[in-house]
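Down below is the structure, laid out as C-alpha cells.
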Amino acid sequence: MFKEFRKRFWRPPRAHGEIIEDRSVSFLELFYDLVYVVVVAAAASTLAHDITWRSVGEFAVVFGLIWLAWTNSTILHDLHGNEDLRTRTFIFAQMLLLVWLAVYVGDAGQDGGQGFALIYASYFTLLTWLWFTVRRQDDGVFDLITGRYLAVMVLIVATMIGSAWLPATQRVLVWGLVIVIWMVSALVISRTTMDASAPGFFVGDSLVERFGLFTIIVLGEVVVGVVDGLRNVVREPLTVATGLVALTIGFGLWWNYFDLTRGRHPREQPTGISIWMFVHLPLTMSIAGAGAAMVVVVEHASEDRTPSGASWLLTAAVAMGLVSLAGVVRTLDAYESLRVIYGPTSRVMVVAAVVALFVGLMRPPGLLLVFLLAVIQAGVWVYALSLWLRTEEAAATLD
C-alpha cells in the first residue's frame, strides 16, 4: 500500500530530459506567485517611506534576493515538478517560509537583517535539497551540471547564514555579492557545461508565461503606490489627477513589455537563456521602484517641484525599465527575423531613457512629471507600432 501511495501521490521529481513541452502554468504556481505580491510590497513600502541613496541600494539588494528565490523555485517546478501531493507539499512549505520572510523584508537592511538572512537561508536549504532530489533521478550526463549548481546553492546558504551576524552595512554588501555569485556562476556553468540542444535544457511557453506573470506582479506595485499616495493626502483635483496620470506609467510599462515580447522565447542558446532571465531582474526591480516613488509623487503633487528623491527614483526607474526591455528584446529568438523592428526600437528605448533622466533632473511638479514620463513611454510604443505597420505594408506590397 505504501508503494502504491508513493507511485500515485509521492512521485520523484522529473529528471532532466523529462520535458512536458505543452505544459501550462498551474493553479498551484499562480497561488505561489501570489505570495510574492506581499513580499515585494513589503520591500517597496519601506523604500517609499525613506527615499535615500542608502535605502535605494538596500531595496535593490533585497529585491535581487527576492527575485533570485523566485527564479530558482520557478525553474525547478517548471522543469521537474509534477501534479502530485509531493509537489504541492513542498510548494506550500516554500510559501510558509516566504510569508515568514515577508515579515522581515521591510526592515531587512537594518534590524530585521538577521531574521531575514536566517529565513532566507532556510528557504534556500529547502530548494537545495529539492535540486539534489532531481540529481538523484538524472543519468550521468547531467552530473557535472547539477553538481556545480548544487555547489553554488550550498555556498549561498552558507554565506547567508554567515551574514546574519555581520553589521547591517556589511551584511547588505554580502547579500549583493550573493546575487553576483549566482548570476556569474549560472553564466559560467551554462557556457562551459550546457548544450542548448541537450534534452534537459528547455524553455517552454509555461516558463515564458511565468516571467510575464512576475512582471505583472511588480506592475501591481505601481497601482499600490498610487493608492497609498491618494490615501495619505486630501484628495483634491490636482492630487487625484496626478495619481490617475501616474497609473498610465504602469500601463505604458505593461503595454511596451507585452506588445514587444508577445510571449516569444529566448534564443536557444544556454547563455542566451541565462541573459534573458537576468535582464528581467533590473526590469522588474525598476517597476517595483517606480511603484514606491509613486507614493511620494502623489503626496507632494501640490508642490511646485517634486521632491528630489522621488523625482530621481521614478525617472531612473522608468529609464532602467526601458533599457532593460531593450535588452530583453535583443535576447529573443525572433530578434534576427524582426531586426528591422527590434533593432531601431531598442535604440529608441535607450534614447527615451536618457530623456526620462533629463526630466528627473528638472524636477517638475508631480502632474507634469508623470505626464512627461507617460508621453515618453507612449512615444516608444507608437514608434514600434509604426515600424510594425510599415513592415506589414512592405510585405503586402511584395505579395
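Listed values, structure above:
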item	result
GluC sites (Glu not before Pro) lying in DSSP loop within region 290-399, provided at most 12 other Cβ fall within 10 Å	GLU303, GLU336
Per-peptide average of other Cβ atoms within 10 Å, ordering 89-98, 21-30, 219-228, 351-360 highest first	219-228, 351-360, 89-98, 21-30
Where the Cα pairs of the chain fall when distances are cut into 20 Å bins, in %	26, 55, 18, 1
At R0 = 25 Å, FRET efficiency that the Cβ-Cβ distance of HIS49 and ALA93 yields, to 0.05	0.20
Relative packing of 151-159, 68-76, 39-47, which averages over residues the other C-beta atoms within 10 Å, highest first	39-47, 68-76, 151-159
Using a Förster distance of 41 Å, the FRET efficiency for TRP129-SER337 (Cβ separation, nearest 0.05)	0.45
Share of carbon and sulfur in the accessible heavy-atom surface of the chain [1.4 Å probe, %]	67 percent
Virtual spin-label span in nm between VAL382 and ASP84, 7 Å along Cα→Cβ	5.6 nm
GNM flexibility winner over the chain from MET277, MET349, MET285 (Cα, springs under 10 Å)	MET277
³J(HN,Hα) computed for each position of region 102-108 - Karplus, 6.51 cos²θ - 1.76 cosθ + 1.60, integer Hz, glycine/proline x	4, 4, 9, 4, x, 10, 5
Zero-based 5 Å bins, Cα pair distances in region 1-119, whole percents	2, 10, 18, 19, 15, 12, 9, 7, 5, 2, 1, 0, 0
Two-site FRET efficiency, ALA151 against VAL375, from Cβ-Cβ distance with R₀ of 41 Å, rounded to 0.05	0.25
Solvent-accessible area per residue, Å², over region 107-192 with all protein chains present [probe radius 1.4 Å]	46 Å²
Potential lengthening between ARG262 and SER308 on full extension [0.36 nm per residue; Cα-Cα distance subtracted]	13.0 nm
Length gained when the stretch LEU213-VAL141 is fully extended (0.36 nm per residue, less Cα-Cα span)	22.7 nm
Inter-label distance for LEU357 and ALA158, nm, one decimal - labels placed 7 Å from Cα along Cα-to-Cβ	3.9 nm
In sequence order, calculated HN-Hα J values of region 151-159 (Karplus, 6.51, -1.76, 1.60; Hz; x Gly/Pro)	4, 5, 4, 4, 4, 5, 4, 5, 5
Relative contact order, percent, region 1-152 [alpha-carbon distance under 8 Å, six or more residues apart]	36 percent
Peptide ranges 135-141, 124-130 listed from the most packed, as the mean C-beta count within 10 angstrom indicates	124-130, 135-141
In sequence order, calculated HN-Hα J values of region 85-98 (Karplus, 6.51, -1.76, 1.60; Hz; x Gly/Pro)	5, 4, 4, 4, 4, 6, 5, 5, 4, 4, 5, 4, 5, 5
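The values are calculated or read from the model by the stated rules, or taken from the named source; none is laboratory data. None of the values given here were measured: they were computed from a predicted structure. Because the Cβ atoms are built from the backbone with ideal geometry, glycine has one as well, and the counts that use them run over all protein chains shown. These accessible areas exclude ligands, DNA and RNA; they are computed on the full protein's heavy atoms, side chains included. Shrake-Rupley method; radii C 1.70, N 1.55, O 1.52, S 1.80 Å.
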